[in-house]
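Enquirer: I'd like to ask you about the structure that follows.
The values are calculated or read from the model by the stated rules, or taken from the named source; none is laboratory data. All of these numbers come straight from a predicted model, not from anything done at the bench. Methodologically, a virtual Cβ is constructed for each residue, glycine included, from the backbone with ideal geometry; neighbour enumeration extends over all protein chains shown. These accessible areas exclude ligands, DNA and RNA; they are computed on the full protein's heavy atoms, side chains included. Shrake-Rupley method; radii C 1.70, N 1.55, O 1.52, S 1.80 Å.
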Amino acid sequence: MHTTSIDPADDLETVARKGGKLRRMAVRIPTYMADIRENPAWLPMFLLARTIPARKVHWLTARRSNGAIEKLPTLFKGVDHTSAVAALRRDGIFPELTLPETITREIASFASATPCFGNFDRKIEFQASDHRAAEQEWGKPILSGHHFERALDCPAVRTVQRDPVLSEIARCYLGAQARLITTRVWWSFPTRASEADRSLASLDKFHFDLDDWRMLKFFFYLVDVDEGTGPHVYVRGSHNKRRIKHQLTLLVGHPAHEILDFYGKDSVTTLTGAAGFGFVEDPFGFHMGTVATTKPRLMMEVGFGVSKPSRRRFHGEPVLR
Ligand SMILES: O=C(O)CCC(=O)C(=O)O
């Protein structure tokens, strides 16, 4: 088991590194506690789902999907769900989804016109175009702006969330038990954020998600995303192969050099693309968002799992201290 205690004999760099790890973990503890209180079955999942043997056993409970979706209206006409599932099994990611332009525009206009909440804090409410003014008003960097449940007021968001191709990919990959567990629309702003804020926003550190035993996340960019817009990064193949050290630790985040040494630089995919570009990934694979440097990124996520969704998780909302 990895420990994060600070030894007085450590040099300053080690202390700083361990302090960073502690801060990254500490910021998530209130959310973990809320999850345990709401659903005690969350704890064994959280402890065991990080180990490959326990995951393999859980995958055996996946039931075959028997859904027929041919005649149902979808936004993703050219997408063959069997190819998507094959890519997910092999690489952990399928980066070939595109939202129609009208849907992308509708969600982006909605997100620009609707106030969001900064750094997951419902007290910090502002419109994305007023980001700098909000930072000045609150006297701190604001890294993210979430629309939480307000996103569901946008009909185009609900259309994407309910699309039969997305749920069929989820059912074929996760098993017939697959159910919607998150829907979120959020901004990532260029700013100088603290370690704790970056951790809460899942930015700048390779990590895997442990909100459920088996999960799948669909992500869509709602603005053009290049290297300066905080692209998402995924490590292909890391969803079904895991270093022992990364199984027997409570930490979900690990330093880039450890990930690159084990999975190889060539496995790392940086996802850039025009507004509307989408991908689906198994978030047990290592991934991260990066901090935007030139302009804000607007993104949508539709997540599927196999257990009862937590109330906070539906909107991707963590619990703050
Ligand atoms: O913002 C991103 O691109 C990453 C989001 C993320 O890591 C997550 O949802 O777990």
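Enquirer: Is one or more of the residues making up segment 261-271 touching a Phe, Trp or Tyr at 6+ places or on another chain (Cβ under 9 Å), crowded, with 21+ Cβ neighbours inside 10 Å and touching a residue at least 40 places away in the same chain (Cβ under 8 Å)?
Expert: no
Enquirer: How many residues does segment 169-180 hold that are surrounded by fewer than 23 Cβ atoms within 10 Å (Cβ to Cβ) and either in contact with a strand residue (DSSP E or B) (Cβ under 7 Å, 6 or more places away or on another chain) or in a helix (DSSP H, G or I) (or both)?
Expert: Going through segment 169-180 one residue at a time, the tally reaches 3.
Enquirer: Identify the residue in segment 241-252 that is closer than 22 Å to D91 by Cβ and outside any helix (DSSP H, G or I) and, among all such residues, is nearest to the ligand (Cβ to nearest atom).
Expert: Per the criteria, the residue is V252.
Enquirer: Out of all the residues in segment 213-240, which are within 12 Å of the ligand (Cβ to nearest atom), closer than 15 Å to D282 by Cα and assigned to a loop (DSSP other than H, G, I, E, B)?
Expert: Once the filter is applied, which keeps residues that are within 12 Å of the ligand (Cβ to nearest atom), closer than 15 Å to D282 by Cα and assigned to a loop (DSSP other than H, G, I, E, B), segment 213-240 yields only M215.
Enquirer: I want to confirm something. Restricting to segment 298-321 and keeping residues that are in a loop (DSSP other than H, G, I, E, B) and under 19 Å from G175 (Cβ atoms), which single residue is farthest from the ligand (Cβ to nearest atom)?
Expert: K308
Enquirer: Can you name every residue in segment 292-321 that is under 14 Å from the mean Cα position of the chain (by Cα) and not charged (D, E, K, R)?
Expert: The answer is L298, M299, M300, V302, G303, F304, G305, F314, H315, G316, P318.
Enquirer: For the subset of segment 186-205 comprising residues that are within 10 Å of the ligand (Cβ to nearest atom) and either more than 14 Å from H232 (Cβ to Cβ) or open to solvent by less than 10 Å² (accessible area, probe 1.4 Å) (or both), which member is modelled with the highest pLDDT?
Expert: S188
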